[in-house]
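Structure record follows, encoded as structure tokens.
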């Protein structure tokens with residue numbers, strides 16, 4: 001398990017102003033890690049990731065069996081930060097029946113005929129399920145804030161669209177997440193934090209590899225031109241919506257093996273902290289189970 005001290009270092013403190021420059025996107029988060037060395041840390045991370053996959057599968061089985069809690073994982077990031085890889089590598093050991101992934105793109109006409117949270121509400125995980133939002137309702141205080149003309153498509157009542165407007169959206173999100181938590185949903189929010197230079201390298205890798213051309217869009221380059229605006233939008237959102245009940249974690253993502261290991265650890269330990277137990281069967285049920293066992297043992301084959 002990753003030390004509590006390091007996890008606390010990645011968690012955005014509620015009510016605190018956020019500066020992403022205070023969060024290191026690299027692998028050496030502490031002086032101790034630097035002393036150990038990159039290759040040793042990478043090896044330990046790989047071992048930890050595999051161990052967490054096993055524990056996560058066990059935790060998912062308990063989640064499913066108890067049918068009381070659900071888990072909502074929110075993934076946000078700049079392009080090429082590795083969200084798809086997190087889903088592929090961290091969740092690879094889960095039972096597909098108990099895990100659902102939703103990726104949200106441009107809202108439809110039906111979506112814009114409802115409030116901005118509506119289309120996300122429809123995809124929330126059921127009790128016993130783990131739900132992953134690959135991008136989420138936070139897009140409505142991120143990309144929409146960076147490109148305010150998008151508000152014109154949301155068919156909102158007339159009114160000012162200044163700081164007060166965005167503050168009310170943060171309040172709506174906090175109330176929404178508080179409602180989910182009170183009703184049994186564990187909400188975990190991860191921001192994959194990469195540097196601008198690392199994003200450049202990943203874009204170039206896609207452009208140099210014909211097998212990855214499909215992953216590159218001209219829009220990715222256009223959005224990169226708004227890098228500073230996005231950093232500010234993320235900082236504002238995290239400062240306003242990292243709460244005790246639904247915290248934000250700024251995950252170092254310049255190295256994919258780091259982000260995958262850290263998220264797997266936080267996810268596993270958070271579900272384990274629910275302290276779930278397999279449902280106990282009644283005495284009457286136990287008698288019936290014993291009878292069924294006896295019948296099977298005496299059966300001639």
*In the range 255-301, what count of residues is obtained for those that are closer than 30 Å to residue 197 by Cβ and in contact with a strand residue (DSSP E or B) (Cβ under 8 Å, 6 or more places away or on another chain)?*
6
*In the list 73, 68, which residue meets the criterion of being surrounded by fewer than 22 Cβ atoms within 10 Å (Cβ to Cβ) and under 26 Å from residue 121 (Cβ atoms)?*
68
_All helices (runs of 4 or more DSSP H) inside the range 224-301 with 2 or more residues being under 15 Å from the mean Cα position of the chain (by Cα) and under 23 Å from residue 184 (Cβ atoms)_ = 256-272
*Output the residues belonging to the range 74-105 that are modelled with pLDDT under 90 and closer than 27 Å to residue 227 by Cα.*
105
*Could you run through the range 26-43 and say how many residues are touching a residue at least 12 places away in the same chain (Cβ under 8 Å) and out of contact with any helix residue (DSSP H, G or I) (no Cβ under 7 Å at 6 or more places or on another chain)?*
1
*Mind checking whether some residue in the range 60-70 is part of a strand (DSSP E or B) and either closer than 30 Å to residue 143 by Cβ or more than 19 Å from the chain's Cα centre (by Cα) (or both)?*
yes
_Whether any residue in the range 2-10 is modelled with pLDDT of 95 or more and within 20 Å of the chain's Cα centre (by Cα) is what I want to check._
yes
_Which numbered condition residue 24 misses (of (1) surrounded by fewer than 17 Cβ atoms within 10 Å (Cβ to Cβ); (2) touching a strand residue (DSSP E or B) at 6+ places or on another chain (Cβ under 7 Å); (3) more than 30 Å from residue 232 (Cα to Cα))_ = (3)
*Looking at (1) in contact with a helix residue (DSSP H, G or I) (Cβ under 6 Å, 6 or more places away or on another chain); (2) closer than 14 Å to residue 79 by Cα; (3) surrounded by fewer than 17 Cβ atoms within 10 Å (Cβ to Cβ), which is the only condition residue 219 fails?*
(1)
*Restricting attention to the range 185-212, which residues are farther than 30 Å from residue 121 by Cα and outside any helix (DSSP H, G or I)?*
195, 209
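The values are calculated or read from the model by the stated rules, or taken from the named source; none is laboratory data. Just so you know, these numbers come straight off a predicted model, no measurement behind them. Positions of Cβ are generated from backbone atoms using ideal geometry, with glycine treated the same way; all protein chains shown enter the neighbour counts.
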